[in-house]
Amino acid sequence: MRITPCQAALAAAIALNLLLLLLSRLIPGASPPCRRPRRVPEGVPGVTVILRDFDGPEHDVAATARSFAALPGVPVLVAAEVSPYPPVPLPAGAALLSLRPEPHRPPPRPELAVRTRHVALVPDGARAAPGLLRRMRDVLEASADAGTKVVAAAVGQRRPRCLAVEVDIKAWTMWHGDLCGALDGAPAVLLLRTRDLFSLPFPLSRPVATSLSLQAAARGWRLLLLPAAFPLAPRPPPSPHAQRRARGADEARRRALLEQFGVKLEVLADGARRWHGCDKDTARCFGTVRAQSPEYLLAGRWTPPCCLRALRATARHVLAQLEAAGVRHWLEGGSLLGAVRLGDIIPWDYDVDVGLYRDDVPKCRWLAAVAATGRPVEDPQGFLWEKAAEGEFFRVHFSRTNRLHVDLWPFYVRPGAAVMTKDTWLGHRQDVEFPERFLVPLGTVPFAGVLAKAPNDPRGFLELKFGPGPSNPPGPPELLQEPPDN
(Lines give C-alpha, C1' and ligand atoms only; values in the text may rest on other atoms or scores of the structure.)
Protein backbone atom coordinates (compact mmCIF):
# COMPACT_ATOMS: atom_id res chain seq x y z
CA MET A 1 0.00 0.00 0.00
CA ARG A 2 1.38 3.39 -0.95
CA ILE A 3 1.60 6.08 1.82
CA THR A 4 1.03 9.67 0.80
CA PRO A 5 3.16 12.52 2.28
CA CYS A 6 0.15 13.82 4.27
CA GLN A 7 -0.43 10.46 5.91
CA ALA A 8 3.26 10.20 6.79
CA ALA A 9 3.24 13.64 8.44
CA LEU A 10 0.14 12.76 10.48
CA ALA A 11 1.67 9.49 11.68
CA ALA A 12 4.87 11.30 12.71
CA ALA A 13 2.90 13.87 14.72
CA ILE A 14 0.98 11.15 16.57
CA ALA A 15 4.19 9.26 17.37
CA LEU A 16 5.84 12.44 18.71
CA ASN A 17 2.89 13.19 21.00
CA LEU A 18 2.92 9.64 22.36
CA LEU A 19 6.65 9.92 23.06
CA LEU A 20 6.20 13.21 24.93
CA LEU A 21 3.37 11.72 26.99
CA LEU A 22 5.55 8.72 27.94
CA LEU A 23 8.45 10.96 28.99
CA SER A 24 6.15 13.10 31.17
CA ARG A 25 5.15 9.98 33.11
CA LEU A 26 8.71 8.63 33.50
CA ILE A 27 10.74 11.79 34.24
CA PRO A 28 10.17 13.32 37.72
CA GLY A 29 9.01 16.91 37.64
CA ALA A 30 8.14 16.73 33.97
CA SER A 31 4.40 17.00 34.57
CA PRO A 32 3.00 20.50 34.96
CA PRO A 33 2.39 21.51 38.62
CA CYS A 34 -1.17 21.34 40.03
CA ARG A 35 -2.65 24.80 40.34
CA ARG A 36 -4.67 25.70 43.42
CA PRO A 37 -8.13 27.13 42.81
CA ARG A 38 -8.01 30.86 42.55
CA ARG A 39 -9.39 32.55 45.66
CA VAL A 40 -12.12 35.12 45.26
CA PRO A 41 -10.64 38.46 46.35
CA GLU A 42 -12.23 40.09 49.41
CA GLY A 43 -11.87 43.58 48.02
CA VAL A 44 -9.07 46.10 48.09
CA PRO A 45 -8.22 47.86 51.36
CA GLY A 46 -10.29 50.95 51.95
CA VAL A 47 -13.85 52.07 52.70
CA THR A 48 -16.72 52.74 50.31
CA VAL A 49 -19.35 55.19 51.57
CA ILE A 50 -23.00 54.44 50.74
CA LEU A 51 -25.66 57.16 51.11
CA ARG A 52 -29.04 55.46 51.48
CA ASP A 53 -31.30 57.29 53.96
CA PHE A 54 -32.41 60.56 52.39
CA ASP A 55 -35.83 61.99 51.51
CA GLY A 56 -37.72 64.84 49.95
CA PRO A 57 -36.61 68.03 48.28
CA GLU A 58 -34.75 69.14 51.44
CA HIS A 59 -32.15 66.39 51.08
CA ASP A 60 -28.44 67.16 51.43
CA VAL A 61 -27.12 64.40 49.15
CA ALA A 62 -24.79 66.54 47.01
CA ALA A 63 -23.01 68.18 49.95
CA THR A 64 -22.79 64.93 51.93
CA ALA A 65 -21.33 63.10 48.92
CA ARG A 66 -18.90 65.95 48.26
CA SER A 67 -17.64 65.91 51.85
CA PHE A 68 -16.85 62.17 51.91
CA ALA A 69 -15.64 61.99 48.31
CA ALA A 70 -12.96 64.54 49.25
CA LEU A 71 -11.33 61.93 51.51
CA PRO A 72 -8.39 60.22 49.77
CA GLY A 73 -9.37 56.92 48.16
CA VAL A 74 -12.98 56.90 49.46
CA PRO A 75 -15.55 56.18 46.70
CA VAL A 76 -19.13 57.29 47.36
CA LEU A 77 -22.28 55.54 46.12
CA VAL A 78 -25.73 57.16 46.32
CA ALA A 79 -28.05 54.15 46.55
CA ALA A 80 -31.70 54.71 45.65
CA GLU A 81 -34.61 53.28 43.71
CA VAL A 82 -34.96 56.60 41.92
CA SER A 83 -32.49 59.45 41.47
CA PRO A 84 -32.51 62.15 44.17
CA TYR A 85 -35.05 64.87 43.54
CA PRO A 86 -34.49 67.69 42.89
CA PRO A 87 -31.65 66.36 40.71
CA VAL A 88 -28.19 67.26 41.94
CA PRO A 89 -24.75 67.05 40.30
CA LEU A 90 -22.65 64.46 42.08
CA PRO A 91 -18.98 65.29 42.67
CA ALA A 92 -16.04 63.40 41.22
CA GLY A 93 -15.65 60.11 43.06
CA ALA A 94 -19.41 59.73 43.63
CA ALA A 95 -21.85 57.72 41.53
CA LEU A 96 -25.54 56.80 41.57
CA LEU A 97 -26.27 53.16 42.44
CA SER A 98 -29.73 52.25 41.11
CA LEU A 99 -31.65 49.69 43.20
CA ARG A 100 -34.79 49.62 41.08
CA PRO A 101 -35.27 46.61 38.80
CA GLU A 102 -35.77 47.60 35.17
CA PRO A 103 -37.36 45.34 32.54
CA HIS A 104 -34.60 46.12 30.02
CA ARG A 105 -31.67 45.66 32.43
CA PRO A 106 -30.22 42.86 34.56
CA PRO A 107 -31.41 42.81 38.18
CA PRO A 108 -29.55 45.21 40.52
CA ARG A 109 -26.40 43.74 42.07
CA PRO A 110 -25.20 46.45 44.49
CA GLU A 111 -22.51 44.15 45.92
CA LEU A 112 -20.71 44.27 42.57
CA ALA A 113 -20.40 48.05 42.79
CA VAL A 114 -18.44 47.94 46.06
CA ARG A 115 -14.81 47.00 45.49
CA THR A 116 -13.36 47.85 48.90
CA ARG A 117 -13.05 45.53 51.89
CA HIS A 118 -15.16 47.76 54.14
CA VAL A 119 -18.30 49.82 53.65
CA ALA A 120 -19.79 52.70 55.64
CA LEU A 121 -23.51 53.50 55.63
CA VAL A 122 -23.75 57.26 56.05
CA PRO A 123 -26.95 59.24 56.78
CA ASP A 124 -27.90 62.34 54.89
CA GLY A 125 -26.38 65.52 56.28
CA ALA A 126 -23.26 63.93 57.79
CA ARG A 127 -19.87 65.46 57.16
CA ALA A 128 -16.54 63.65 56.94
CA ALA A 129 -14.11 63.79 59.87
CA PRO A 130 -10.42 63.30 59.06
CA GLY A 131 -9.23 59.83 60.04
CA LEU A 132 -12.50 58.70 61.66
CA LEU A 133 -13.48 56.17 58.99
CA ARG A 134 -9.99 54.65 59.21
CA ARG A 135 -10.22 54.54 63.01
CA MET A 136 -13.62 52.78 62.82
CA ARG A 137 -12.16 50.24 60.41
CA ASP A 138 -9.19 49.55 62.71
CA VAL A 139 -11.48 49.12 65.75
CA LEU A 140 -13.66 46.71 63.81
CA GLU A 141 -10.71 44.54 62.84
CA ALA A 142 -9.29 44.63 66.38
CA SER A 143 -12.59 43.60 68.02
CA ALA A 144 -13.77 41.06 65.45
CA ASP A 145 -12.79 38.14 67.68
CA ALA A 146 -15.23 39.39 70.33
CA GLY A 147 -18.15 39.05 67.92
CA THR A 148 -18.28 42.69 66.86
CA LYS A 149 -19.46 42.97 63.28
CA VAL A 150 -20.57 46.62 63.16
CA VAL A 151 -18.85 49.78 64.46
CA ALA A 152 -20.92 52.94 64.78
CA ALA A 153 -20.21 56.61 65.38
CA ALA A 154 -22.77 59.32 66.06
CA VAL A 155 -23.55 62.14 63.65
CA GLY A 156 -24.01 65.52 65.31
CA GLN A 157 -24.54 66.44 68.96
CA ARG A 158 -27.22 63.86 69.72
CA ARG A 159 -25.56 60.64 70.79
CA PRO A 160 -27.47 57.45 69.90
CA ARG A 161 -28.61 55.19 72.73
CA CYS A 162 -27.21 51.69 72.45
CA LEU A 163 -29.81 48.91 72.88
CA ALA A 164 -29.80 45.17 72.84
CA VAL A 165 -31.94 43.49 70.25
CA GLU A 166 -32.89 39.83 70.33
CA VAL A 167 -34.98 38.44 67.49
CA ASP A 168 -36.97 35.21 67.87
CA ILE A 169 -38.07 34.27 64.37
CA LYS A 170 -40.27 31.42 65.64
CA ALA A 171 -42.13 33.75 68.01
CA TRP A 172 -42.30 36.69 65.53
CA THR A 173 -40.85 38.84 68.32
CA MET A 174 -38.05 41.37 68.86
CA TRP A 175 -36.77 42.24 72.34
CA HIS A 176 -34.85 45.42 73.25
CA GLY A 177 -32.48 45.26 76.23
CA ASP A 178 -29.40 46.92 77.69
CA LEU A 179 -26.45 45.39 75.79
CA CYS A 180 -25.47 46.98 72.51
CA GLY A 181 -26.99 45.40 69.44
CA ALA A 182 -28.82 48.36 67.89
CA LEU A 183 -29.19 52.13 67.99
CA ASP A 184 -32.31 54.04 68.95
CA GLY A 185 -32.71 55.93 65.67
CA ALA A 186 -30.40 58.91 66.18
CA PRO A 187 -28.25 59.50 63.07
CA ALA A 188 -25.05 57.45 62.98
CA VAL A 189 -22.48 56.09 60.55
CA LEU A 190 -22.34 52.29 60.49
CA LEU A 191 -19.17 50.58 59.27
CA LEU A 192 -18.78 46.86 58.58
CA ARG A 193 -17.05 44.47 56.24
CA THR A 194 -18.45 44.48 52.74
CA ARG A 195 -18.83 40.70 52.71
CA ASP A 196 -20.83 40.85 55.97
CA LEU A 197 -23.17 43.56 54.70
CA PHE A 198 -23.97 41.70 51.51
CA SER A 199 -24.37 38.37 53.30
CA LEU A 200 -27.58 39.81 54.76
CA PRO A 201 -30.86 39.09 52.94
CA PHE A 202 -31.86 42.78 52.88
CA PRO A 203 -28.55 44.67 52.99
CA LEU A 204 -29.86 48.11 51.97
CA SER A 205 -33.44 48.10 53.28
CA ARG A 206 -34.62 51.31 54.91
CA PRO A 207 -34.46 52.63 57.54
CA VAL A 208 -30.87 51.41 57.40
CA ALA A 209 -30.06 51.39 61.13
CA THR A 210 -33.24 49.49 62.05
CA SER A 211 -32.91 47.06 59.17
CA LEU A 212 -29.27 46.31 59.89
CA SER A 213 -29.96 45.91 63.63
CA LEU A 214 -32.74 43.39 63.03
CA GLN A 215 -30.71 41.27 60.66
CA ALA A 216 -27.58 41.48 62.80
CA ALA A 217 -29.52 40.47 65.91
CA ALA A 218 -30.93 37.43 64.13
CA ARG A 219 -27.33 36.36 63.48
CA GLY A 220 -25.98 37.19 66.92
CA TRP A 221 -23.81 40.09 65.75
CA ARG A 222 -22.76 42.80 68.19
CA LEU A 223 -22.39 46.54 67.58
CA LEU A 224 -19.73 48.81 69.06
CA LEU A 225 -20.54 52.50 69.48
CA LEU A 226 -17.46 54.75 69.51
CA PRO A 227 -17.28 57.97 71.57
CA ALA A 228 -16.19 59.94 68.48
CA ALA A 229 -18.75 61.65 66.23
CA PHE A 230 -19.06 62.97 62.69
CA PRO A 231 -20.18 66.60 62.20
CA LEU A 232 -23.78 67.26 61.16
CA ALA A 233 -24.39 69.99 58.61
CA PRO A 234 -26.42 72.93 59.96
CA ARG A 235 -29.78 73.06 58.21
CA PRO A 236 -32.80 75.33 58.66
CA PRO A 237 -35.54 73.72 60.74
CA PRO A 238 -38.12 71.97 58.56
CA SER A 239 -41.63 73.31 58.35
CA PRO A 240 -44.38 71.60 60.40
CA HIS A 241 -45.72 70.08 57.19
CA ALA A 242 -42.30 68.68 56.32
CA GLN A 243 -41.91 67.30 59.85
CA ARG A 244 -45.28 65.51 59.66
CA ARG A 245 -44.45 64.15 56.24
CA ALA A 246 -41.05 62.90 57.42
CA ARG A 247 -42.56 61.23 60.51
CA GLY A 248 -45.22 59.57 58.37
CA ALA A 249 -42.66 58.33 55.87
CA ASP A 250 -40.39 57.00 58.65
CA GLU A 251 -43.25 55.16 60.32
CA ALA A 252 -44.46 53.69 57.03
CA ARG A 253 -40.96 52.44 56.22
CA ARG A 254 -40.59 50.97 59.69
CA ARG A 255 -43.94 49.14 59.46
CA ALA A 256 -43.05 47.80 56.01
CA LEU A 257 -39.64 46.70 57.27
CA LEU A 258 -41.05 44.81 60.28
CA GLU A 259 -43.67 43.19 58.09
CA GLN A 260 -40.96 42.14 55.65
CA PHE A 261 -38.95 40.62 58.51
CA GLY A 262 -42.02 38.98 60.10
CA VAL A 263 -41.87 40.90 63.40
CA LYS A 264 -45.29 41.29 65.03
CA LEU A 265 -44.25 42.27 68.56
CA GLU A 266 -41.53 44.52 69.96
CA VAL A 267 -40.75 44.25 73.68
CA LEU A 268 -39.06 47.55 74.55
CA ALA A 269 -36.30 48.01 77.10
CA ASP A 270 -38.76 49.39 79.69
CA GLY A 271 -41.06 46.36 79.28
CA ALA A 272 -43.60 48.18 77.12
CA ARG A 273 -44.93 46.31 74.09
CA ARG A 274 -45.39 47.61 70.59
CA TRP A 275 -47.68 45.54 68.35
CA HIS A 276 -47.64 45.38 64.56
CA GLY A 277 -50.75 44.10 62.79
CA CYS A 278 -53.59 41.85 63.98
CA ASP A 279 -56.07 44.64 64.73
CA LYS A 280 -59.79 44.41 64.04
CA ASP A 281 -59.20 46.35 60.82
CA THR A 282 -56.38 44.11 59.55
CA ALA A 283 -56.69 40.64 58.11
CA ARG A 284 -55.15 37.85 60.10
CA CYS A 285 -51.54 37.18 59.12
CA PHE A 286 -51.96 33.63 57.83
CA GLY A 287 -54.15 32.09 55.18
CA THR A 288 -56.61 29.22 55.08
CA VAL A 289 -55.50 26.27 57.21
CA ARG A 290 -55.24 22.98 55.34
CA ALA A 291 -54.96 19.52 56.91
CA GLN A 292 -54.80 21.10 60.39
CA SER A 293 -51.35 22.55 59.62
CA PRO A 294 -51.18 26.36 59.30
CA GLU A 295 -48.57 27.70 56.93
CA TYR A 296 -46.52 29.34 59.68
CA LEU A 297 -46.07 25.96 61.41
CA LEU A 298 -44.67 24.47 58.21
CA ALA A 299 -42.22 27.40 58.14
CA GLY A 300 -40.98 26.52 61.63
CA ARG A 301 -42.80 29.36 63.41
CA TRP A 302 -45.45 29.63 66.11
CA THR A 303 -48.72 31.54 65.88
CA PRO A 304 -47.91 35.26 65.55
CA PRO A 305 -48.17 36.79 69.04
CA CYS A 306 -50.59 39.50 67.92
CA CYS A 307 -52.87 36.73 66.61
CA LEU A 308 -52.67 34.98 69.97
CA ARG A 309 -53.57 38.26 71.65
CA ALA A 310 -56.60 38.71 69.39
CA LEU A 311 -57.57 35.06 69.88
CA ARG A 312 -57.41 35.46 73.66
CA ALA A 313 -59.61 38.55 73.45
CA THR A 314 -62.15 36.67 71.31
CA ALA A 315 -62.16 33.69 73.67
CA ARG A 316 -62.65 35.86 76.77
CA HIS A 317 -65.50 37.71 75.08
CA VAL A 318 -67.28 34.54 73.96
CA LEU A 319 -66.88 32.81 77.33
CA ALA A 320 -68.26 35.89 79.11
CA GLN A 321 -71.29 36.06 76.77
CA LEU A 322 -72.07 32.37 77.26
CA GLU A 323 -71.69 32.64 81.03
CA ALA A 324 -73.92 35.72 81.22
CA ALA A 325 -76.60 33.98 79.14
CA GLY A 326 -76.58 30.83 81.29
CA VAL A 327 -75.33 28.59 78.46
CA ARG A 328 -73.65 25.39 79.73
CA HIS A 329 -70.26 25.32 78.01
CA TRP A 330 -66.72 23.95 78.41
CA LEU A 331 -63.31 24.05 76.76
CA GLU A 332 -62.80 21.36 74.15
CA GLY A 333 -59.90 19.56 72.44
CA GLY A 334 -56.64 21.43 72.05
CA SER A 335 -57.95 24.45 73.93
CA LEU A 336 -58.54 22.34 77.05
CA LEU A 337 -55.13 20.79 76.52
CA GLY A 338 -53.55 24.25 76.49
CA ALA A 339 -55.46 25.21 79.63
CA VAL A 340 -54.25 22.12 81.53
CA ARG A 341 -50.63 22.42 80.40
CA LEU A 342 -50.12 26.18 80.19
CA GLY A 343 -53.23 27.97 81.41
CA ASP A 344 -53.36 29.47 77.94
CA ILE A 345 -53.70 28.83 74.21
CA ILE A 346 -51.04 26.47 72.86
CA PRO A 347 -48.44 28.74 71.17
CA TRP A 348 -48.93 27.23 67.70
CA ASP A 349 -52.75 26.91 67.80
CA TYR A 350 -54.92 29.00 65.50
CA ASP A 351 -58.42 28.80 67.03
CA VAL A 352 -60.25 28.04 70.27
CA ASP A 353 -62.77 25.19 70.67
CA VAL A 354 -65.70 25.42 73.06
CA GLY A 355 -68.44 22.82 73.55
CA LEU A 356 -71.95 23.75 74.65
CA TYR A 357 -75.34 22.12 75.17
CA ARG A 358 -77.40 22.39 71.97
CA ASP A 359 -80.54 22.98 74.02
CA ASP A 360 -78.97 26.15 75.45
CA VAL A 361 -78.29 27.84 72.09
CA PRO A 362 -81.49 29.96 72.26
CA LYS A 363 -80.34 31.43 75.60
CA CYS A 364 -77.56 33.44 73.89
CA ARG A 365 -79.05 36.30 71.88
CA TRP A 366 -76.29 36.23 69.25
CA LEU A 367 -76.46 32.49 68.69
CA ALA A 368 -80.26 32.62 68.64
CA ALA A 369 -80.20 35.37 65.98
CA VAL A 370 -77.78 33.42 63.80
CA ALA A 371 -79.78 30.20 64.19
CA ALA A 372 -83.02 31.98 63.30
CA THR A 373 -81.82 33.90 60.24
CA GLY A 374 -78.76 31.98 59.06
CA ARG A 375 -76.97 35.33 58.63
CA PRO A 376 -73.92 36.63 60.52
CA VAL A 377 -74.49 39.02 63.40
CA GLU A 378 -72.01 41.63 64.64
CA ASP A 379 -72.23 42.44 68.34
CA PRO A 380 -71.58 45.93 69.79
CA GLN A 381 -67.92 45.05 70.50
CA GLY A 382 -67.29 44.24 66.83
CA PHE A 383 -67.13 40.42 67.15
CA LEU A 384 -68.86 38.55 64.34
CA TRP A 385 -71.10 35.56 65.15
CA GLU A 386 -72.05 33.19 62.33
CA LYS A 387 -72.94 29.63 61.41
CA ALA A 388 -69.92 27.71 60.15
CA ALA A 389 -69.99 26.64 56.52
CA GLU A 390 -68.37 23.30 57.37
CA GLY A 391 -71.26 21.89 59.40
CA GLU A 392 -73.67 22.25 62.29
CA PHE A 393 -71.66 24.50 64.58
CA PHE A 394 -71.05 28.20 65.17
CA ARG A 395 -68.03 30.45 64.79
CA VAL A 396 -67.21 33.80 66.43
CA HIS A 397 -64.61 35.95 64.64
CA PHE A 398 -62.45 38.69 66.09
CA SER A 399 -64.04 41.00 63.50
CA ARG A 400 -65.50 41.02 60.00
CA THR A 401 -62.00 41.61 58.61
CA ASN A 402 -59.85 39.63 61.00
CA ARG A 403 -61.04 36.01 60.90
CA LEU A 404 -59.33 34.69 64.02
CA HIS A 405 -62.12 32.73 65.64
CA VAL A 406 -63.65 30.60 68.37
CA ASP A 407 -65.59 27.50 67.28
CA LEU A 408 -68.74 26.65 69.27
CA TRP A 409 -69.75 22.98 69.08
CA PRO A 410 -73.36 22.13 70.06
CA PHE A 411 -73.50 18.74 71.86
CA TYR A 412 -76.56 16.81 73.01
CA VAL A 413 -77.24 13.60 74.88
CA ARG A 414 -77.50 10.61 72.55
CA PRO A 415 -80.96 9.00 73.00
CA GLY A 416 -80.88 5.95 75.25
CA ALA A 417 -77.41 6.65 76.65
CA ALA A 418 -75.79 9.20 78.95
CA VAL A 419 -73.28 10.01 76.21
CA MET A 420 -72.66 13.39 74.60
CA THR A 421 -72.63 13.53 70.80
CA LYS A 422 -72.94 16.13 68.04
CA ASP A 423 -74.02 16.35 64.40
CA THR A 424 -70.73 17.44 62.80
CA TRP A 425 -67.44 15.57 63.01
CA LEU A 426 -64.40 16.86 61.16
CA GLY A 427 -62.12 13.87 61.65
CA HIS A 428 -59.97 15.40 64.39
CA ARG A 429 -58.49 12.96 66.86
CA GLN A 430 -60.53 14.46 69.71
CA ASP A 431 -63.80 14.02 67.77
CA VAL A 432 -65.26 11.28 69.97
CA GLU A 433 -68.38 10.87 72.04
CA PHE A 434 -67.95 10.99 75.80
CA PRO A 435 -70.00 10.27 78.96
CA GLU A 436 -72.08 13.19 80.23
CA ARG A 437 -70.68 12.59 83.72
CA PHE A 438 -67.66 14.74 82.71
CA LEU A 439 -70.04 17.74 82.56
CA VAL A 440 -72.16 17.15 85.65
CA PRO A 441 -71.08 19.22 87.41
CA LEU A 442 -68.80 21.45 85.33
CA GLY A 443 -65.40 22.49 86.70
CA THR A 444 -63.08 25.41 85.94
CA VAL A 445 -59.51 25.86 84.69
CA PRO A 446 -57.35 28.98 84.14
CA PHE A 447 -57.34 29.92 80.46
CA ALA A 448 -56.24 33.06 78.58
CA GLY A 449 -56.44 35.23 81.70
CA VAL A 450 -59.81 34.04 83.03
CA LEU A 451 -61.32 31.03 84.80
CA ALA A 452 -63.03 29.05 82.05
CA LYS A 453 -65.63 26.30 82.39
CA ALA A 454 -64.21 22.84 81.79
CA PRO A 455 -65.03 19.14 82.35
CA ASN A 456 -64.87 18.20 86.02
CA ASP A 457 -62.00 15.78 85.35
CA PRO A 458 -59.92 17.58 82.68
CA ARG A 459 -57.09 15.06 82.59
CA GLY A 460 -59.45 12.11 82.38
CA PHE A 461 -61.35 13.91 79.63
CA LEU A 462 -58.10 14.49 77.70
CA GLU A 463 -57.09 10.84 78.19
CA LEU A 464 -60.36 9.86 76.55
CA LYS A 465 -59.84 12.34 73.69
CA PHE A 466 -56.12 11.98 73.00
CA GLY A 467 -55.11 8.69 74.60
CA PRO A 468 -52.64 8.10 77.47
CA GLY A 469 -50.33 10.97 78.40
CA PRO A 470 -52.51 13.94 77.40
CA SER A 471 -49.70 16.39 78.14
CA ASN A 472 -47.69 14.93 75.23
CA PRO A 473 -50.06 14.61 72.26
CA PRO A 474 -48.73 13.99 68.74
CA GLY A 475 -47.24 17.06 67.13
CA PRO A 476 -44.00 18.89 66.38
CA PRO A 477 -41.06 18.75 68.83
CA GLU A 478 -41.98 22.22 70.10
CA LEU A 479 -44.99 20.67 71.84
CA LEU A 480 -42.66 19.57 74.62
CA GLN A 481 -41.24 23.05 75.18
CA GLU A 482 -42.69 25.90 77.17
CA PRO A 483 -43.61 28.90 74.98
CA PRO A 484 -42.19 32.40 75.48
CA ASP A 485 -44.25 35.06 77.21
CA ASN A 486 -46.50 36.34 74.44
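Overview of values
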| quantity | calculated |
| --- | --- |
| Some residue of the stretch 240-249 being in a loop (DSSP other than H, G, I, E, B) and among the polar types (S, T, N, Q) | no |
| Candidate set from the stretch 336-347 (those that are within 26 Å of the chain's Cα centre (by Cα) and open to solvent by less than 30 Å² (accessible area, probe 1.4 Å)); member that is nearest to Trp302 (Cα to Cα) | Pro347 |
| Criterion (modelled with pLDDT under 90 and in the same structural domain as Arg195 (by the TED database)) met by exactly one of Glu58, Glu81 | Glu58 |
| Filtered residue count, the stretch 395-431, keeping only those that are at pLDDT below 90 and buried (at least 17 other Cβ atoms within 10 Å of the Cβ) | 1 |
| Candidate set from the stretch 222-265 (those that are touching a helix residue (DSSP H, G or I) at 6+ places or on another chain (Cβ under 8 Å) and of a type outside the set (A, V, I, L, M)); member that is least open to solvent (accessible area, probe 1.4 Å) | Phe230 |
| Any pair with Cβ under 6 angstrom, 6 or more apart, that starts in the stretch 333-361 at a residue that is part of a helix (DSSP H, G or I) and ends at one that is of a type in the set (Asp, Glu) | Gly333/Asp353; Gly334/Asp349; Ser335/Asp353; Gly338/Asp344 |
| Checklist (1) open to solvent by less than 50 Å² (accessible area, probe 1.4 Å); (2) modelled with pLDDT under 95; (3) hydrophobic (A, V, I, L, M, F, W, C) applied to Leu319, failing item | (2) |
| Verdict on Gly374 being out of contact with any helix residue (DSSP H, G or I) (no Cβ under 9 Å at 6 or more places or on another chain), open to solvent by less than 30 Å² (accessible area, probe 1.4 Å) and over 14 Å from Thr314 (Cα atoms) | no |
| Count - residues of the stretch 381-428 that are of a type in the set (D, E, K, R) and more than 21 Å from Phe286 (Cβ to Cβ) | 5 |
| Tally of residues being in a strand (DSSP E or B) and under 25 Å from Ala313 (Cβ atoms) across the stretch 425-455 | 10 |
| Of all residues in the stretch 133-168 being exposed (fewer than 15 other Cβ atoms within 10 Å of the Cβ) and either among the aliphatic types (A, V, I, L, M) or part of a strand (DSSP E or B) (or both), the one that is modelled with the highest pLDDT | Ala142 |
| Out of Glu463, Glu386, sole residue that is farther than 22 Å from Leu319 by Cα, of a type outside the set (A, V, I, L, M, F, W, C) and not in a loop (DSSP other than H, G, I, E, B) | Glu463 |
| So Arg459, is it modelled with pLDDT under 90 and among the basic types (Lys, Arg) | no |
| Test: residue in the stretch 365-377 that is more than 32 Å from the chain's Cα centre (by Cα), among the hydrophobic types (A, V, I, L, M, F, W, C) and under 20 Å from Met420 (Cβ atoms) | yes |
| Any hit, the stretch 85-100, residues being free of Cβ contacts under 8 Å to residues at least 40 places away in the same chain, under 21 Å from Arg206 (Cβ atoms) and charged (D, E, K, R) | yes |
| Any hit, the stretch 19-41, residues being out of contact with any Leu (no Cβ under 9 Å at 6 or more places or on another chain), open to solvent by 100 Å² or more (accessible area, probe 1.4 Å) and at pLDDT 60 or above | no |
| Arg403 being part of a strand (DSSP E or B), under 25 Å from Ala291 (Cβ atoms), of a type outside the set (Phe, Trp, Tyr) and in contact (Cβ under 8 Å) with a residue 12 or more places away in the chain | no |
| Close pairs (8 angstrom Cβ cut-off, 6 or more residues apart or separate chains): without any contact (Cβ under 8 Å) to a residue 40 or more places away in the chain in the stretch 105-121, in a loop (DSSP other than H, G, I, E, B) anywhere | Pro107/Pro101; Pro108/Leu99; Pro108/Arg100; Pro108/Pro101 |
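Every residue, every condition in (1) assigned by the TED database to the domain that holds Ile345; (2) surrounded by 13 or more Cβ atoms within 10 Å (Cβ to Cβ), yes or no:
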residue	(1), (2)
Gly271	no, no
Asp279	no, yes
Phe286	no, yes
Arg290	no, no
Pro304	yes, yes
Ala310	yes, yes
Thr314	yes, yes
Ala325	yes, yes
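The values are calculated or read from the model by the stated rules, or taken from the named source; none is laboratory data. Note that the structure is predicted; figures quoted are calculated from it, not measured. All Cβ positions, glycine included, derive from the backbone under ideal geometry; neighbour counts span all protein chains shown. Calculation scope for accessible area: heavy atoms of the full protein, side chains included, ligands and nucleic acids excluded. Shrake-Rupley method; radii C 1.70, N 1.55, O 1.52, S 1.80 Å.
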